[in-house]
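A.B. asks: My questions will all concern the structure given below.
Just so it is clear, none of the values below were taken in a lab; they were calculated from the coordinates. Here the structure is a predicted model, which is why all the values come from computation and not from measurement. Backbone-built Cβ (ideal geometry, glycine too); neighbour counts: all protein chains shown.
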Amino acid sequence: MTRVEAWLKAAVEDGAGRGLEDVRPLLEGLARATRALRAAPWNERAISLLERRPAPVAGNAGERDE
Amino acid sequence: MSGPFAETLLQLAGRIRAREVTSTAVTEACLDRIARGNARVNAFITVSAEQALAMAHDADREIALGRYRGPLHGVPVSFKDLVDVAGMPTTAASRLLAGRVAPSDAPVAARLRAAGAVFLGKTNLHEFAFGTTSEDSAYGPVRNPVDPSRSAGGSSGGAAAALVEGMGYAAIGTDTGGSIRIPAAACGCVGLKPTFGEIACDGVIPLSWSLDHVGPLAGSVGGARATYEAALGLPPSQAAPPPLASLRIGVLRGYFTELLDEDVRTAFEAVLRRLEAAGAALVERAVAHASDVASIYLHVQLPEASAYHAEAIEQHPDAYTKPVRLRLEMGRFVLAEDYVRAQRGALLLRQEVSAALDGCDALALRSLPIPAPPLGVDAVMIGHGSQPVRALMLRLTQLFDITRHPAISLPCGRTPLGLPVGLQLAGRLDRTRELLDVAEAIEALIGTP
């Protein structure tokens, strides 16, 4: 199970537990957006913009989703 | 030209200054239009008739004594009901804040008060500015003046609807994903989002602190400029707009033209042809990674909004309209690492937009990919498929909230059904006045509404 899928499952369960079943489609839409954000090709280059450091060497960029 | 836009703010200001008309008479006319027309469009939540007339009398007295303060002196204006105006309720169109009265002016209100403007009241909006249609409001939806079965756009829908109905000559709104430019385009007026931070957001209920902007709406670019300058305490601009033949306009295509209603496309292309015929140079421009703007926007706006409402949503969840409550709940699930990714993406897009502006006086695109949608629908047909209304309404405006560049929407025609279409221009960071110069030059060609 990918990280986004695990997150979505937990979020939907949390929402349902609080009587917010209607939040599920919104969370599913957010999950799609999160996958797109994480998969965007500019992520490594953009690290240096905020943290003001060189982008990490390829292979050290951390865990990625699909 | 007839109707409420028969006279621009600057034309009215000239007549007030010359004492051809009194502020009192103008204010009474606006209050009369509100009394007769507000039930139809639901633009106002609070109307401060007594205070407005007192301010108008004061303006007339001062002007008679030769103490003219500037173009806003004696001119009736309104404020989106997120902005604190001393002694008036600030409801954010929510039951949560019912009965809350502002103890003091937000800085933008204080500046307009110092400029001698007359305060008509507080305009309706999408609850807590968290929407693009102004239909989720504890005070009922705002209705489009052109077709009341349609949305006025949002979230500053009341501000735009009020202007188009002649209920004032300028309005103050806020813009986080497009909430000044969207209703301006939907209703047929001018809406300016200045560079981020130019007009202070203090005393304004926030939606998303790193995306919120305060800005003016008016019936003309000149009126928006005069209101913007008054809000900053700047002296009125004197320079004439540049000749069209001197302008180089970057036309955004690709992502910005993939999803477009055909009537909107037609109106926009007609404006481009007129610009070319008038001598303006049009060049194609692209913004790299523009297709990621929606995911970046979501992951910034949602958690910032949810953080602000965290305590209230726990204690008073039922005080919110359901759609707004659900979106706030959704924002609580955004992971911190994705918020940071999105902020990195925002910085990257800022560089890309600045690069696209290189060699251009402004970028041009539509304000909305569709005309004002019907009230009560979540999706509309566009092209060969159905698309969510909310995402469509934000699609072309949210970029410049993320990147913080100034952007303005001005009317550029109508669909065959008579629905307004907006032209959006974006300019360089911290060069809002230059963007207004370009907008005035283009407006002179395509006309005020």
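A.B. asks: With n ≥ 4 as the cut-off for DSSP H runs, can you work out [θ] at 222 nm for the protein assembly as shown, using -39500 (n - 2.57) per run divided by the number of residues, rounded to the nearest 500?
C.D. replies: The helix-only estimate for the protein assembly as shown comes to -13500 deg cm²/dmol at 222 nm.
A.B. asks: Please compute the average number of Cβ atoms from other chains found within 10 Å of each residue's Cβ in peptide B:338-349.
C.D. replies: Partner-chain Cβ atoms within 10 Å, mean over residues of B:338-349: 5.
A.B. asks: Obtain the radius of gyration and the Kirkwood radius of segment B:181-299 from its C-alpha atoms and give Rg over Rh.
C.D. replies: Values: Rg = 17.0 Å, Rh = 17.2 Å.
Reported Rg/Rh (Cα atoms, Kirkwood Rh): 0.99.
A.B. asks: Can you check what the net charge comes to around residue B:394, using other residues whose Cβ is under 12 Å from the Cβ of residue B:394 (Lys, Arg +1; Asp, Glu -1)?
C.D. replies: That works out to +1.
A.B. asks: Along the charge dipole of chain B, Cβ charges K/R +1 and D/E -1, which of B:319, B:234, B:346 sits furthest on the positive end?
C.D. replies: Ranked along the dipole, the leading option is B:234.
A.B. asks: Shifting gears a bit: List, in order, the whole-Hz ³J(HN,Hα) value for each residue of segment B:267-279 obtained from phi through the Karplus relation with A = 6.51, B = -1.76, C = 1.60 and θ = phi - 60°; use x for Gly and Pro.
C.D. replies: Along segment B:267-279, the couplings run 4, 5, 4, 5, 5, 4, 5, 5, 4, 5, 4, 7, x Hz.
A.B. asks: Here's a follow-up. In whole Å, what are the extents of segment A:1-40 along the principal axes defined by its C-alpha atoms, from largest to smallest?
C.D. replies: The Cα atoms of segment A:1-40 stretch 34, 18, 9 Å along their principal axes.
A.B. asks: Still on this structure: Counting partner chain Cβ atoms within 10 Å of every residue's Cβ in B:431-438, what's the average?
C.D. replies: That average works out to 0.
A.B. asks: Additional query: Segment B:1-109: percent of C-alpha pairs farther apart than 17 Å?
C.D. replies: The share of Cα pairs beyond 17 Å in segment B:1-109 comes to 60 percent.
A.B. asks: Modelled label-to-label distance, residue B:25 and residue B:272, 7 Å Cα→beta-carbon offset: nm?
C.D. replies: With each label placed 7 Å out from Cα toward Cβ, I get 4.7 nm.
A.B. asks: To check you understand DSSP bridge types, tell me what percent of the beta bridges within the protein assembly as shown (both residues inside) are antiparallel, rounded to 5.
C.D. replies: Rounded to the nearest five, the antiparallel share is 65 percent.
A.B. asks: Can you pull out the chymotrypsin sites (Phe, Trp or Tyr not before Pro) in segment B:167-239 whose DSSP state is coil and whose Cβ has at most 16 other Cβ atoms within 10 Å? Don't skip to the end; give the middle numbers.
C.D. replies: Details: sites: B:169, B:196, B:209, B:228; in loops: B:169, B:196, B:209.
Counting only loop positions with at most 16 other Cβ atoms within 10 Å, the chymotrypsin sites (Phe, Trp or Tyr not before Pro) in segment B:167-239 are B:209.
A.B. asks: With +1 assigned to the C-beta of every Lys and Arg and -1 to the C-beta of every Asp and Glu, and no other charges, what is the dipole magnitude of the protein assembly as shown about the Cα centre in debye, to the nearest 20?
C.D. replies: On the way: 52 positive and 57 negative charges, 121 e Å.
With Lys and Arg at +1 and Asp and Glu at -1, about 580 debye.
A.B. asks: With the cut-off at 39 Å, report for the protein assembly as shown the share of all Cα pairs above it, as a whole percent.
C.D. replies: 21
A.B. asks: So, with +1 on the Cβ of K and R and -1 on the Cβ of D and E, and no other charges, what is the size of the charge dipole of chain B about its Cα centre, to the nearest 20 debye? Mind showing how you got there, number by number?
C.D. replies: Values: 41 positive and 46 negative charges, 94 e Å.
Approximately 460 debye in magnitude.
A.B. asks: In whole Å, what is the distance between the alpha-carbon centres of segment B:22-65 and segment B:92-109?
C.D. replies: 20
A.B. asks: Still on this structure, please answer the following. When N counts the residues of segment B:234-300, how does its alpha-carbon radius of gyration compare numerically with 2.2 N^0.38 Å, as a ratio?
C.D. replies: 1.49
A.B. asks: For a quick check: with amide H placed at 1.01 Å from N, whose amide H comes under 5 Å from residue B:118's, ignoring anything fewer than 5 positions away on the same chain?
C.D. replies: When sequence neighbours closer than 5 places are left aside, the close amide H contacts are B:74, B:75, B:77.
A.B. asks: At 4 °C and 1.567 mPa s, grab the translational diffusion coefficient of segment B:373-424 from Stokes-Einstein with a Kirkwood Rh over Cα pairs, rounded to a whole number in µm² per second.
C.D. replies: 101
A.B. asks: Sticking with this structure for a sec: Near residue B:122, which lysines are there with a Cα under 27 Å away, not counting those fewer than 8 places off in the same chain?
C.D. replies: Once the sequence-local lysines are set aside, what remains near residue B:122 is B:80, B:193, B:322.
A.B. asks: Starting at 0 and stepping by 20 Å, how many percent of the alpha carbon pairs of chain B end up in each bin?
C.D. replies: Here the calculated profile for chain B is 28, 60, 11, 0.
A.B. asks: Per-residue HN-Hα couplings for segment B:375-386, Karplus 6.51 cos²θ - 1.76 cosθ + 1.60 at θ = phi - 60°, whole Hz, x for Gly and Pro?
C.D. replies: Along segment B:375-386, the couplings run 5, x, 10, 9, 9, 10, 7, 9, x, 9, x, 9 Hz.
A.B. asks: I'd like the per residue volume of the convex hull spanned by the Cα atoms of segment B:70-202, given in cubic angstrom. Walk me through the numbers before you get to the answer.
C.D. replies: Numbers: hull volume 12.8 nm³, N = 133.
It is 96 Å³ per residue.
A.B. asks: Would you tell me the mean number of C-beta atoms belonging to other protein chains that fall within 10 Å of each C-beta in A:18-24, as a whole number?
C.D. replies: Values: counts 2, 1, 5, 0, 5, 8, 2.
Mean number of neighbouring Cβ atoms from other chains: 3.
A.B. asks: Using R₀ = 45 Å, calculate the FRET efficiency as 1/(1 + (r/R₀)^6) where r is the Cβ-Cβ separation of residue A:44 and residue B:68; round to 0.05.
C.D. replies: 0.20
A.B. asks: At a Förster distance of 25 Å, what's the computed FRET efficiency of residue B:259 paired with residue A:22, Cβ-Cβ distance as r, to 0.05?
C.D. replies: After rounding, the FRET efficiency stands at 0.40.
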